[in-house]
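Contents: one structure, followed by commentary.
No lab work stands behind these numbers, since they all come straight from the coordinates. Keep in mind it's a predicted model, so treat the numbers as computed, not measured. Glycine also receives a Cβ, built like all others from the backbone with ideal geometry; neighbour counts cover every protein chain displayed.
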Amino acid sequence: MSKFTQSVKKTFEFDGDTVAVSLARIKRGQMLQLSPHIPGEGEAASAEQNLRLLEEASKFMPEVLKGFSGLADANGDNISLETMMDEAYFQPLLAEIISAWLETSAVSADEVGNSDAPAGAGTEESGRTPKVEALPDSPAQLG
């Protein structure tokens, strides 16, 4: 039996809040659109690559995030998904969510079970599933 599920639930700690999300898995077309922004095996992502990946992946979040709760402002009011995505303040959280989306959508060689790859040689270990970093502190850090 497959280990596939339609969505994956994750929680993140951000600014004193516990944010719960339910993420749909990445679709082939989405992965194709993102692949130019994902560094190759053994390559480190530049700040510019991270920004472009964050920007491109953000476009999918309204359809990917099936559930989003737990994020509140200083007055205790719930923060909407739209606000979280629009405000630069939340970019580190958005980067974590996108990284989790990419990681949980990838299938490792262990999960496929038909691979000649050694155990533990899945996508995350191969370097193709990126960790998306938040925005740099200044535009000068892009170069």
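If you bin the C-alpha pair distances of region 51-95 every 5 Å from 0, what whole percents do you get?
Spelled out per bin, shortest first, that is 5, 19, 34, 26, 10, 5, 1.
Note the full-extension length gain between K27 and S69 as 0.36 nm times their separation in residues minus their Cα-Cα distance, in nm to one decimal. Working shown, then result.
On the way: separation 42, 0.36 × 42 = 15.12 nm, distance 2.34 nm.
Difference between extended and current length: 12.8 nm.
If you plug each phi of region 40-56 into the Karplus form 6.51 cos²θ - 1.76 cosθ + 1.60 with θ = phi - 60°, what whole-Hz ³J(HN,Hα) values come out, in order, with x for Gly and Pro?
For region 40-56, the Karplus curve yields x, 4, x, 8, 8, 6, 7, 4, 5, 4, 4, 5, 5, 5, 4, 5, 5 Hz.
In sequence order, what are the phi-derived ³J(HN,Hα) couplings for region 63-74 according to the Karplus relation 6.51 cos²θ - 1.76 cosθ + 1.60 with θ = phi - 60°, rounded to whole Hz, with x for glycine and proline?
Those phi angles translate into 8, 7, 7, 7, x, 8, 7, x, 9, 10, 8, 4 Hz.
Above 22 Å lies some portion of the pair distances; for region 1-101, what is it as a whole percent of all C-alpha pairs? Walk me through the numbers on the way to the answer.
Working: 1726 of 5050 pairs.
Of the Cα pairs, 34 percent sit more than 22 Å apart.
Could you work out the local net charge near E63, counting Lys and Arg as +1, Asp and Glu as -1, over the other residues with Cβ closer than 15 Å to its Cβ?
Numbers: positive: R25, K27, R28, K59, K66; negative: E56, E82.
Combined, the nearby Lys, Arg, Asp and Glu give +3.
Whole-Hz Karplus ³J(HN,Hα) for region 19-27, in order, using 6.51 cos²θ - 1.76 cosθ + 1.60 and θ = phi - 60°, x for Gly and Pro?
Listing the rounded values in order: 9, 10, 10, 10, 10, 6, 6, 5, 9 Hz.
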